[in-house]
Amino acid sequence: MTTTRQPITRRRFWFFEFYRSAVGKKWVMAVTGLILIGYLLAHMVGNLKMYLSPEAINAYGESLRDLGGHLVPRTHLLWIMRIGLVVATYFHLHSATTLTLLNRRSRPDKYDERHYAAANYASRTMIWGGVIIAAFVVFHLADLTWGWGGAEFVRGMPYENMVASFSRLPVALFYIIANLLLGVHLYHGAWSLFQSIGINNPRFNEWRRWFAYGISAVIVIGNISFPIAVQAGIVG
Amino acid sequence: MDLTLRVWRQSGPGDKGRFEEYPAPGIASHMSFLEMLDIVNERLTLAGVEPIAFDHDCREGICGTCGLMIDGRPHGPWEGTATCQLHMREYHDGDTITIEPWRAKGFPHIKDLVVDRRAFDRIVEAGGYITVSAGSAPDANLIPIPKEAAEYAMDAAACIGCGACVAACPNGAAQLFVAAKYSHLSLLPQGQPERWSRAEAMVDTMEHYFGSCSNHGECEAACPKNISLDFIALLNRDYIRAKWKNRRLAGQS
């Protein structure tokens, strides 16, 4: 291995060349992570309409299908957004998987003793937290989009579906636990993405941590409020 | 004080390796960690045991040759110091100290506590240089450089290439080393002509040997020169920019 090696030569289409490098994958992970954070925020804020009235959130659900008004055929814009989310999720998971495998290979022999000084619970559980969140997302889609979750499900009636689903205590608890894990994941991710993209300036480096705290807190508190509200009988 | 050392012994790359315990009685608190190892080795030699192989050179924290994983911390428990700067006053009578080599795929094992860090040389060869005109030394301060930029470049240039960042990284990544070697050149006017090719060549070579950065921050905590993670952000940004940069415009800042 110590003989002179040439740098990896990359002569494919520019995106694949870029994506082949670990730094490129981290950039893709950061950008797709940002897209997913944006979605999570919008999703949470939209669902807050649950507190206005059943009609408000049901009308909101319907208006998502009508996005673009008369400019585009019905549900087309929604589908474009959904495809965008699927693509972002795919690249987020693919880069995470390949980088994790690379990192495992890079330390074949483990230390007998290791004291971490800076790595925290969040940074060290990104991959497994991510796997659990992905499993939760599949359950969540089955439960409240496709209606396979076991609760009484009526398409186009998000308020009633949500109440029916969250009335079951184990499901409510699963939502709460998954969202707390999501918060841990976001706490590292929302800070780490600045480093991966290379946004670093002493004037706002402090602010990057606060951004991570804020994003995780807002999304988690908003999301877990829904099952809690249903269980507490505030909504229902 | 009387200590016990738990040391990784491995005769070569073919050997599986194991921990062995050596008593180290009568260690004075003013000894350096490496002096303590010297004494243990002298006693081992007299007892007919092969002494523990470890790397060392300047013993004043500037060469980057020494590097041991001491009780699970690269360069031991002191912040901002190399192994040679660690002194035995840190320890108490009866302590057991575990000593391991750096462990990473990019640092193949040689013997006992010695690993092969030549992967770092390959990375520097790939882009860690600038082109200068040969001849007599130019006058000092011929090229004006903002004070902040000069100092920041100097912070990166403090890297002694010891490999503690790789040893500390849960991913076995060398991003902090590469970022330091990249930044101390690329932050200065003299480093601009090769800036974009340097970013690509150093990162691409790094990825031959090492894992990827996931921003744990362990490298920064372990670095004997306290080199900042900020340089990693700079390296990442410049690698991405290098992929897009129209090289015909590379002469413009």
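The values are calculated or read from the model by the stated rules, or taken from the named source; none is laboratory data. This structure is a prediction, so every number in the text was calculated from the model and none was measured. Here the Cβ positions follow ideal geometry from the backbone for every residue, glycine too, while neighbour counts run over all protein chains shown. SASA here: full protein model, heavy atoms, side chains in, ligands and nucleic acids out. Shrake-Rupley method; radii C 1.70, N 1.55, O 1.52, S 1.80 Å.
Taking each residue of A:114-125 in turn, how many C-beta atoms of other protein chains fall within 10 Å of its C-beta, and what is the average? Don't jump to the answer; show the numbers that get you there.
Numbers: counts 11, 6, 9, 12, 10, 9, 2, 0, 1, 6, 4, 0.
Mean partner-chain Cβ count within 10 Å for A:114-125: 6.
Over segment B:3-110, what percent of the accessible surface lies on carbon and sulfur atoms, probe 1.4 Å?
Values: 2400 of 4810 Å².
Carbon and sulfur atoms account for 50 percent of the accessible area of segment B:3-110.
May I ask for the distance between the Cα centers of segment A:18-53 and segment A:169-230, given as a whole number of Å?
With segment A:18-53 and segment A:169-230 each reduced to a Cα centre, they are spaced 11 Å.
Beyond a 27 Å Cα-Cα separation, which of these cross-linked pairs lie in this structure: A:25/B:225; B:105/B:225; B:147/B:181; B:16/B:181; B:225/B:245?
Those over the limit are A:25/B:225; B:16/B:181; B:225/B:245.
With only alpha-carbon atoms in the gyration tensor, what are the semi-axes of the equivalent ellipsoid for segment B:3-110, in Å, largest first?
20, 18, 13
Defining a contact as two alpha carbons under 8 Å apart and six or more residues distant in sequence, what relative contact order in percent does chain B show?
Computed over chain B, the figure is 19 percent.
Calculate the mean, over all residues of peptide B:212-225, of how many other protein chain Cβ atoms lie within 10 angstrom of the residue's Cβ.
Across the residues of B:212-225, the mean count of other-chain Cβ atoms within 10 Å is 6.
Leaving out ligands, DNA and RNA, calculate the buried accessible area for the pair B and A with a 1.4 Å probe, summed over both sides, in Å² to the nearest 100.
Protein heavy atoms only, the B-A interface buries about 4200 Å².
Would you check the accessible area of residue B:78, probe 1.4 Å, heavy atoms only, in square angstrom rounded to 10?
60
Assigning unit charges at the beta carbon (Lys, Arg +1; Asp, Glu -1) and nothing else, what dipole magnitude in debye, to the nearest 20, does segment B:52-127 show about its Cα centre?
320
How many angstrom separate the Cα center of segment A:66-84 from the Cα center of segment A:112-131?
When both Cα centres are located, 40 Å separates them.
Can you work out the accessible area per residue across chain B, with the rest of the protein chains kept in place, probe 1.4 Å, in square angstrom? Numbers along the way, then the final one.
Values: 10830 Å² over 253 residues.
Here the per-residue accessible area is 43 Å².
In the full protein assembly as shown, how much of residue B:223 is accessible to a 1.4 Å probe, in Å² to the nearest 10?
Answer for residue B:223: close to 20 Å² accessible.
How high is the relative contact order of chain A, given as a whole-number percent (alpha carbon pairs under 8 Å, six or more residues apart)?
The normalised contact order for chain A reaches 24 percent.
For an R0 of 60 angstrom, estimate the FRET efficiency from the Cβ-Cβ distance between residue A:17 and residue B:4 and round to the nearest 0.05.
Computed FRET efficiency for residue A:17 and residue B:4: 0.70.
Rank these by accessible area, largest first, 1.4 Å probe: B:9, B:117, A:209, B:248.
B:248, A:209, B:117, B:9
How do A:173-186, A:109-122 rank on mean C-beta neighbours within 10 Å, highest first?
Put in order of decreasing packing, that is A:173-186, A:109-122.
Could you look at chain A and say what percent of its accessible area is carbon and sulfur, using a 1.4 Å probe and all protein chains? It would help to have the intermediate numbers written out before the result.
Numbers: 9070 of 13200 Å².
About 69 percent, which is the carbon plus sulfur part of the accessible surface.
Shielding of A:98-108 by partners, i.e. mean partner chain Cβ atoms within 10 Å per residue?
Numbers: counts 1, 6, 4, 1, 8, 10, 4, 4, 15, 13, 4.
That average works out to 6.
So in the protein assembly as shown, what percent of DSSP beta bridges are antiparallel if you round to the nearest 5?
Restricted to the protein assembly as shown, the bridges split so that about 75 percent are antiparallel.
So for the pair residue B:15, residue A:109, with labels modelled 7 Å out along Cα→Cβ, what separation do we get in nm?
Distance between label points: 1.0 nm.
Which whole DSSP H helices in chain A pass both tests: a Cα extent of 30 Å or more along the axis and a mean Kyte-Doolittle value no lower than 0.5?
A:22-47, A:76-106, A:169-197, A:205-232
Calculate how steeply helix B:230-244 sits against the longest principal axis of the alpha-carbon atoms of chain B, using the helix alpha-carbon long axis, and give the answer as 0 to 90 degrees to the nearest 10.
Between the helix axis and the principal axis of chain B, the angle is about 40 degrees.
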